[in-house]
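The values are calculated or read from the model by the stated rules, or taken from the named source; none is laboratory data. The structure displayed is predicted, hence computed values, not measured ones. Don't worry about glycine lacking a Cβ; one is built from the backbone with ideal geometry, like all the others, and counts go over all protein chains shown.
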Amino acid sequence: MPDVFISYEHESKSIADNVVSVLESRRIRCWYAPRDVIGDYATSIVDAIESSKVLVLILSKTASDSPHVLNEVEIAYQKVIEGNLTIVPFKIDDESMSRAMEYYIKRLHWIDATSKSLEAAIDNLYEMLADILQIERVPEPAQAGNLPASESGNFEGRRVSNQYHRITALESERLRVQKELLEDFDRPVYDKLLAGRENLAVLDLGSNDGSCLMARLGDAPQVSSILGLEFNESAVEQANREHGREGVEFVQCDVEDRDRLNQTLTTYLEEHDLAGFDHVNVSMLILHLKKPFQLLQRVKRFMKPGATLFVRDIDDGENLAFPDEEGAFERVFRICSYLETSGFRESGRQIPGFLKKAGFKDITLEKNGLTTIGLDQDERSALFQTYFSFIVEDLMTMASRHPDDEGVKADVEWYREVFDDLEEAFHGDDFFFQVGFMTFTARR
């Protein structure tokens, strides 16, 4: 769920990008088009406004004349009347606004970006939003170990290479619990993908120790061969040791190394006399990639016509926790948004765009959000561990990388102090939680 909806006219997109860059680097979650659109454009806009707490209007003469911007402001205005939303105009020129726009915003408090630098105006905007949202102030990125402002203005800059990946004992246990929890979540999707098919050659990207892949497809009668690619060499050794057999093998490969990937896949297909792969699996990998689109585009070339694709990843914008009167769970979500070793936590919303640009067809959102509804206490424990257990290690890594960042230090101390309370609240009968796992399928 976003904190802020950014309304702007396309000529002002560079300013909107800067606003989003700064706000998100200081842990205010933003929604703006076209970055965050999923599915039907108009429906996505309406849903985002209705789920936001604030609409920031990048106000210019062209914006005030834009029917699209006016539509967004009108929807937001109705929420203002209901007491569920605040509109904050961010004025970027001295031109007169249209009478239609004046009707909605003339009595509102503005941020005037025409009389000061853009940087100063955005800082004023942040202060106002922090008051409205009632959140703790976060130091500016230049003073803290959060995402640098120069890197956070676009998704490419905010993504990192997958080469930091590590497997500790705690992480191995978390992945094991996650695998078991997601089996029922995934099963209907795999049943649909496998129905009526046979002799499938499967490619799995980001296999880790192979356990998740094998639990889903290892014994499927429709599958004749499996190739798993994984960056971590020790995980590959474990996967081959525990799951390797005739028709199943795991290979160490950095999937973002174009030449290595092409060589690995070409060699495999030639050695097995295959024209291509019938199914490709990409589970919890996109968030760890620097350039996901390029990978999907390259892999598509090795798929047979009509081959299927399964992609599951995370989007923390879909996370929900209720009740959360003290804002503790919301603070955890904000912490996750800046951790440098937990991957890009808004990957789910990008997947449809990546797939469409790569030329995939029949793109379908199969699953959106795993919730506590219907879970027994053991399953709730598993869900809690899946989402919350990794944060301690990642916060400690952040603290060691940025020893002078007081904000990170404060989050480490706070998280250690409230962890047990979070877990207890999570098991409450009236507590509802949704973690933003998003699953998509597509065809070549």
Mind telling me which of the residues Glu417, Glu423, Glu406 ends up being over 22 Å from the mean Cα position of the chain (by Cα), within 17 Å of Glu136 (Cβ to Cβ) and without any contact (Cβ under 8 Å) to a residue 60 or more places away in the chain? Glu417
Residues of region 249-267 being among the β-branched types (Val, Ile, Thr), within 17 Å of Phe231 (Cα to Cα) and out of contact with any Cys (no Cβ under 6 Å at 6 or more places or on another chain), which ones? Val251, Val255
Looking only at region 244-256, which residues are in contact with a Ser or Thr (Cβ under 8 Å, 6 or more places away or on another chain), more than 16 Å from Leu269 (Cβ to Cβ) and surrounded by fewer than 20 Cβ atoms within 10 Å (Cβ to Cβ)? Glu256
Considering each of Phe333, Phe440 in turn, give the residue that is modelled with pLDDT of 90 or more, surrounded by 16 or more Cβ atoms within 10 Å (Cβ to Cβ) and either of a type outside the set (Ser, Thr, Tyr) or in contact with a Cys (Cβ under 7 Å, 6 or more places away or on another chain) (or both). Phe440
Could you run through region 328-342 and say how many residues are under 27 Å from Gln134 (Cα atoms) and either within 9 Å of the chain's Cα centre (by Cα) or not hydrophobic (A, V, I, L, M, F, W, C) (or both)? 7
Sort through Val408, Val435 and tell me the only one that's β-branched (Val, Ile, Thr), surrounded by 19 or more Cβ atoms within 10 Å (Cβ to Cβ) and within 24 Å of Glu180 (Cα to Cα). Val435
Looking at Ile105, is it surrounded by 13 or more Cβ atoms within 10 Å (Cβ to Cβ), in contact with a Pro (Cβ under 8 Å, 6 or more places away or on another chain) and in contact (Cβ under 8 Å) with a residue 24 or more places away in the chain? yes
Could you go through region 115-132 and let me know if any residue there is assigned by TED's automatic domain parsing to the domain that holds Ile28, part of a loop (DSSP other than H, G, I, E, B) and in contact (Cβ under 8 Å) with a residue 12 or more places away in the chain. no
Can you spot a residue in region 334-346 that is assigned by TED's automatic domain parsing to the domain that holds Lys290, of a type in the set (Phe, Trp, Tyr), touching a residue at least 40 places away in the same chain (Cβ under 8 Å) and more than 25 Å from Asp429 (Cβ to Cβ)? yes
So the check is Cβ under 8 Å with 6+ separation or different chains; which pairs have a first residue in region 380-398 that's assigned by TED's automatic domain parsing to the domain that holds Arg334 and more than 18 Å from Ile314 (Cβ to Cβ) and a second one that's charged (D, E, K, R) and at pLDDT below 85? Thr397/Glu340; Met398/Glu340; Met398/Asp405
Being on the phi < 0 side of the Ramachandran plot, in a strand (DSSP E or B), assigned by TED's automatic domain parsing to the domain that holds Asn124 and touching a residue at least 24 places away in the same chain (Cβ under 8 Å) is the requirement here; does Val88 meet it? yes
Which of the residues spanning region 293-325 are closer than 20 Å to Cys212 by Cβ and assigned to a helix (DSSP H, G or I)? Leu295, Leu296, Val299
Asp430 - would you say it is at pLDDT 85 or above and touching a helix residue (DSSP H, G or I) at 6+ places or on another chain (Cβ under 6 Å)? no
Hey, Ser207 in the same structural domain as Gly343 (by TED's automatic domain parsing), crowded, with 18+ Cβ neighbours inside 10 Å and modelled with pLDDT of 95 or more or not: no
Would you list the strands (runs of 3 or more DSSP E) that sit entirely within region 191-276 and hold 2 or more residues that are more than 25 Å from Leu181 (Cβ to Cβ) and among the polar types (S, T, N, Q)? 223-230
Cross-chain or 6+ apart pairs with Cβ under 9 Å, region 261-279 first and of a type in the set (Gly, Ala, Ser), then in a loop (DSSP other than H, G, I, E, B): Gly276/Arg301; Gly276/Phe302; Gly276/Arg444
Under 6 Å between Cβ atoms, at least 6 apart or on separate chains: pull out the pairs that start in region 184-197 with a residue that is closer than 21 Å to Leu375 by Cβ and end on any residue that is of a type in the set (A, V, I, L, M). Phe185/Leu370
